[in-house]
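**Student:** Input: one structure, supplied below.
The values are calculated or read from the model by the stated rules, or taken from the named source; none is laboratory data. Every value quoted in this text rests on a predicted model; they were computed, and no experiment measured them. Because the Cβ atoms are built from the backbone with ideal geometry, glycine has one as well, and the counts that use them run over all protein chains shown.
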Amino acid sequence: MVESGKREGSASPLELNTHWIDADNAHLLDNVAPGVFDNAIDPARLATYLASTANWMCLALHEGLVVGMCMCVIHSHPDKPTELFLDEIGTGDDWRRQGIARRLMQQVFDRADAEEIEEIWLGTEPDNHAANGLYQGFKHEREDAVIYYFDW
């Protein structure tokens, strides 16, 4: 899907292509802008991630450069409707505040609707103002929660 927007500080529109990633088009991850992911992509981990149909990854590309990504995980339950966990969303260091994350989230919403997923949830830190601003721009319910991390 090609979408246009306006790049900050530019008179010309920013053209973005969005792609859902699978093993057949994973080569698109060969050219990633700094900051999109937390670390370098490990090919073995990527293959494992893509092998599960419960994992979704959507990329935003500008002229062949990955400038944004969104990763989600489908949670199926025996006692309640399927839900989607929005695991991560990231944009390149030089590509922030241009609507890329918003476009990626809309792609997730559209796919979730098509697959009849009724709920999407995510978590972020209270002081992550950029993320909170993004999420508050969509219809949502906010809940206070406590997160525990276990190390072993």
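**Student:** Just to verify a result, which residue in the stretch 84-108, among those that are polar (S, T, N, Q) and in contact with a Lys or Arg (Cβ under 9 Å, 6 or more places away or on another chain), is nearest to residue 54 (Cα to Cα)?
**Tutor:** 91
**Student:** Next up: Looking at (1) of a type outside the set (Asp, Glu); (2) surrounded by 11 or more Cβ atoms within 10 Å (Cβ to Cβ); (3) more than 14 Å from the chain's Cα centre (by Cα), which is the one condition that is false for residue 126?
**Tutor:** (2)
**Student:** Hey, another quick one. Got a number for residues in the stretch 26-71 being polar (S, T, N, Q), surrounded by 10 or more Cβ atoms within 10 Å (Cβ to Cβ) and in a loop (DSSP other than H, G, I, E, B)?
**Tutor:** 2
**Student:** Restricting attention to the stretch 72-115, which residues are among the charged types (D, E, K, R), loosely packed, with under 14 Cβ neighbours inside 10 Å and more than 21 Å from residue 133 (Cβ to Cβ)?
**Tutor:** Within the stretch 72-115, 79, 80, 110, 113, 115 qualify.
**Student:** For residues in the stretch 85-112 being among the acidic types (Asp, Glu) and part of a helix (DSSP H, G or I), which is farthest from the chain's Cα centre (by Cα)?
**Tutor:** Only one residue tops the list, namely 94.
**Student:** On to the next question. Starting from residues that are surrounded by 11 or more Cβ atoms within 10 Å (Cβ to Cβ) and of a type in the set (Asp, Glu), keep the ones in the stretch 1-25 and report whichever is modelled with the lowest pLDDT.
**Tutor:** Ranking the candidates gives 3 first.
**Student:** Out of the residues in the stretch 36-50 meeting the condition of being out of contact with any strand residue (DSSP E or B) (no Cβ under 7 Å at 6 or more places or on another chain) and in contact (Cβ under 8 Å) with a residue 24 or more places away in the chain, tell me which one is farthest from residue 82 (Cα to Cα).
**Tutor:** 38
**Student:** Which residue, of 141, 116, is in a loop (DSSP other than H, G, I, E, B), more than 17 Å from residue 70 (Cα to Cα) and at pLDDT 90 or above?
**Tutor:** 116 is the lone residue from the list that is in a loop (DSSP other than H, G, I, E, B), more than 17 Å from residue 70 (Cα to Cα) and at pLDDT 90 or above.
**Student:** Out of 79, 110, 94, 87, I need the residue that is within 23 Å of residue 29 (Cβ to Cβ) and either among the aliphatic types (A, V, I, L, M) or without any contact (Cβ under 8 Å) to a residue 12 or more places away in the chain (or both). Which one?
**Tutor:** Matching residue, one of 79, 110, 94, 87: 110.
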